[in-house]
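Novice: One structure coming up, written as structure tokens, with questions to follow.
The values are calculated or read from the model by the stated rules, or taken from the named source; none is laboratory data. Computed from a predicted structure; not experimentally measured. Every residue, glycine among them, receives a Cβ derived from its backbone with ideal geometry; neighbour counts consider all protein chains shown.
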Amino acid sequence: MSRVDAKAAKTAETLQGKLLFGEIPTLKGVQNKPQRLTDQIDLIKEKAYQDGYKAGMDNGMRTGIAEGRKAGLEMALSDARSQRNKEAAQFFEDWEHLRADLDKAIEGWFAQAEETLTHMSMEVVRRILATELETNHMVALSICKDVLQLVTHAKQARILINPSDYALFESHRDELAMLSRDLKGIEIVQDHTITSGVMVETEAGIIDATVDTRLSLIQEEFDQAA
């Protein structure tokens, strides 16, 4: 056996003895590698956490901003609709008040116009009758005949007429006296206050058959009917 072989055999024997008796050889630096690997894993996990956290924050902010804008828009639209509804309700309320006032004003105007037209109509009738009596004295005589036929329980009658009708009435004195069976005599009196028509006075009372009085009675009937 050479020297080299003897040395190798001795080394192998020595290693075998150490293994048999529990002595394990160590390599420099091997025991520290597991710790460094753990640290690197922790760093990777921390970085992943930080990156995920940042990404989550960014995404959350974007989502929050979008949702905030949406919520703000919906709130603004809701407020706008509410305001428009209030304005519309106020408009219709004002319109109802305006329409009520307008209806009342129109009703008042028609009432006033009707009253005015009634007065105008009566005035027109008065003027027409006055003109007719001035141009046709037979109208006053006809009115007097109608009145005398209503006279009862009276012996005397005073017939008040406008002076312009005096001659005509005198010419029909006898005819007038015969219209009432109770009358024994009549007196024809000129009265400047009588503008149209006649007024008959008896002991039983006064019969006013002037045009003005008759129109006043008609006016009262119109007023009561209204």
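For (1) touching a strand residue (DSSP E or B) at 6+ places or on another chain (Cβ under 7 Å); (2) assigned to a helix (DSSP H, G or I); (3) surrounded by fewer than 17 Cβ atoms within 10 Å (Cβ to Cβ), each residue gets a yes or a no:
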| site | (1), (2), (3) |
| --- | --- |
| H153 | no, no, yes |
| R158 | yes, no, yes |
| D165 | no, yes, no |
| L168 | no, yes, yes |
| E187 | yes, no, yes |
| T195 | no, no, yes |
| V200 | yes, no, no |
| T213 | no, yes, yes |
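Novice: Starting from region 177-205, take each residue that is at pLDDT 90 or above and list its partners that are among the acidic types (D, E), counting only C-beta distances under 6 angstrom and pairs at least six apart or across chains.
Specialist: What qualifies is M199/D208.
Novice: Tell me which residues, restricted to region 202-211, are surrounded by 15 or more Cβ atoms within 10 Å (Cβ to Cβ) and under 16 Å from T152 (Cα atoms).
Specialist: Those that are surrounded by 15 or more Cβ atoms within 10 Å (Cβ to Cβ) and under 16 Å from T152 (Cα atoms): T202, I207, D208.
Novice: For residues in region 200-218 being within 17 Å of V189 (Cα to Cα) and among the β-branched types (V, I, T), which is farthest from the chain's Cα centre (by Cα)?
Specialist: T202
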